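A.B. asks: Structure in structure tokens, see below.
The values are calculated or read from the model by the stated rules, or taken from the named source; none is laboratory data. Keep in mind that this is a model prediction, so the values were computed, not measured. Quick reminder, even Gly has a Cβ in these numbers, built from the backbone with ideal geometry, and neighbours come from all protein chains shown.
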Amino acid sequence: MGTIEQLHARLSARFPDAALTVVLNPGPAAQHSLLVPATQARAIAEFLRDDPELQLDTCSNVTGIDWPEREITETVRRTVTEPLPADAPPGTAPAAKVVEEKVRRVVPGHLEVVYHLYSVARGHGPVILRLRTVDRGDQVALPSLTPVWRACEFQEREVFDLFGVVFTGHPDLRRLLMWDEFRDHPMRKDYVEPDDYEWEPTPHDRILTQAQRHYPAPPAGSGESAPR
Amino acid sequence: MNPAAPTPEPAPAPAAAAPAISEAERAELRRQGILLTSIEELYNWGRSNSVWPLQFGLACCAIEMIAASMARFDIARFGSEVFRPSPRQADLLIVSGTVTKKMAPQVVRLWNQMPEPKYCIAMGACAISGGPFKQGYNVLKGIDRYIPVDLYLPGCPPRPEALLHGLMELQAKIRTQPLTGPAAPPHLRPGADGGECVIPDFGPHDLEPPHDSARWQPPRLIRTE
Ligand code: SF4
């Protein structure tokens, strides 16, 4: 099947106007993935499935990732040319210097859907596709790949249920695990779960804070000790 | 003879608090082939030895419940092998496993459909408190938030022996249940209605109500020192 770079090159040749990006995985698993633009995802998926060399006939896994808006600090290297001193002899080339700078950047939040593809016919895989939504608010539509791989149906429903990605073209997009009347998406980072474990015998960390809300400390001087 | 004079009634036998005949005497009688019993005892003996559970499992604990009904553990020794497929025919609800919030209304509905007298065993950490999933968003933190539980059976999962022990404890409870007075099962108390348990609705964020406040309140914390 070749490396991810070879696959990237093949796909870029086949879909010249698609902005495909290789997302490298620096970990020991080294499962690199391909970031696919949503507009062409369906066509690319069909190509991956039908191409005689790839024959990725199985979608084994669909999962979601929530990327909230975050601020990252990057170190960038910049070459600066220093202004020439006034008394420099004419014709001196300005000295170039490499400086490192820390830059803060806000990465806008988005939702991501990851597909793991295998070829049963040719015995290779996985090829990992990533699809990104525009944001986490109301532009959360992505094309459904269920028409390409039937196996995606329930898993896309699960991603819809837990992350709130709306798959256009899905034949039966209903919640899978939670009830239909449920309004939240529990796997999002900013999900606030209902405060319904009032009692916890051994609370700690976040649960301790919550337990203290339900069992406030007795007023000072009342002779009682605070909850431990 | 003066007809107007009231015939002295024989004094009514005093309501015997202590049994008129001791356990040893009864055993002696039994040896002689005379069986003495009361309706209450006979009735409770009968129903405690034919507790039919509802054929209903929820998660991993259900596997242990199933194992308990198989030949090795053989729940039939205790008269409970007849797992009923309909709540209308069942006496015992074994909540065997994780009750998700999506499943909770159905569990309560099954309980409501069971006729009195009925009993409930909360089997395993999940049914008691949510267990390993307690801090999850979609697990009910104990079935006792909606239905009355007679017996809590801890473990994750409790072994089949534990379930059998639980069943024996339940049988002991049934045997001592009086048939009259305020402690009688609801179906034998005139005017008392066991009542239907509140079936929660699916709300936008949680079940509504999140627990039946008439049946369940968070435990009170008593501080010492
Ligand atoms: S208590 Fe343990 S074994 Fe029983 S249902 Fe829960 S997780 Fe499974």
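A.B. asks: May I ask you to list the residues in the range A:103-147 that are of a type in the set (D, E, K, R), in contact with a strand residue (DSSP E or B) (Cβ under 7 Å, 6 or more places away or on another chain) and without any contact (Cβ under 8 Å) to a residue 40 or more places away in the chain?
C.D. replies: A:Arg104, A:Arg105, A:Asp135
A.B. asks: Looking only at the range B:49-83, how many residues end up being among the hydrophobic types (A, V, I, L, M, F, W, C), free of Cβ contacts under 8 Å to residues at least 60 places away in the same chain and either within 12 Å of B:Leu163 (Cβ to Cβ) or away from the ligand (no atom under 16 Å from the Cβ) (or both)?
C.D. replies: Here the count works out to 8.
A.B. asks: Can I ask one more? With the structure loaded, tell me whether A:Pro147 is farther than 21 Å from A:Arg42 by Cα and part of a loop (DSSP other than H, G, I, E, B) or whether it fails that test.
C.D. replies: It is false that A:Pro147 is farther than 21 Å from A:Arg42 by Cα and part of a loop (DSSP other than H, G, I, E, B).
A.B. asks: Here's something else I'd like to know. Pick from A:Gln31, A:Gln55: which is in a loop (DSSP other than H, G, I, E, B) and touching a Ser or Thr at 6+ places or on another chain (Cβ under 6 Å)?
C.D. replies: A:Gln55
A.B. asks: Could you list, ordered by first residue, the pairs with Cβ atoms under 8 Å in which the first is in the range A:209-221 and within 12 Å of chain B (Cβ to nearest Cβ) and the second is surrounded by 12 or more Cβ atoms within 10 Å (Cβ to Cβ) and basic (Lys, Arg), at least 6 apart or interchain?
C.D. replies: Matching pairs, first to second residue: A:Pro218/B:Arg223.
A.B. asks: Yes or no: B:Ala162 small (Gly, Ala, Ser), surrounded by fewer than 20 Cβ atoms within 10 Å (Cβ to Cβ) and either at pLDDT 95 or above or within 16 Å of the ligand (Cβ to nearest atom) (or both)?
C.D. replies: Judged against the criteria, B:Ala162 is a match.
A.B. asks: Okay, moving on. Out of all the residues in the range B:178-200, is one or more touching a strand residue (DSSP E or B) at 6+ places or on another chain (Cβ under 6 Å), without any contact (Cβ under 8 Å) to a residue 60 or more places away in the chain and within 14 Å of another protein chain (Cβ to nearest Cβ)?
C.D. replies: no
A.B. asks: Specify the residue that is surrounded by the most Cβ atoms within 10 Å (Cβ to Cβ); the eligible residues are those in the range A:148-198 that are facing another protein chain (nearest Cβ under 7 Å) and touching a strand residue (DSSP E or B) at 6+ places or on another chain (Cβ under 8 Å).
C.D. replies: A:Phe182
So that you can scan it fast, the table gives a plain yes or no per residue for (1) within 27 Å of A:Pro186 (Cα to Cα); (2) surrounded by fewer than 14 Cβ atoms within 10 Å (Cβ to Cβ); (3) at pLDDT below 90:
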residue: B:Leu93; (1), (2), (3): no, no, no
residue: B:Met103; (1), (2), (3): yes, no, no
residue: B:Ala125; (1), (2), (3): yes, no, no
residue: B:Gly136; (1), (2), (3): yes, no, yes
residue: B:Arg145; (1), (2), (3): yes, no, no
residue: B:Asp150; (1), (2), (3): no, no, no
residue: B:Pro158; (1), (2), (3): no, no, no
residue: B:Gly195; (1), (2), (3): no, yes, yes
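A.B. asks: Kindly state which helices (runs of 4 or more DSSP H) lie completely within the range B:94-176 and contain at least 2 residues that are away from chain A (no Cβ under 14 Å) and among the charged types (D, E, K, R).
C.D. replies: B:160-175
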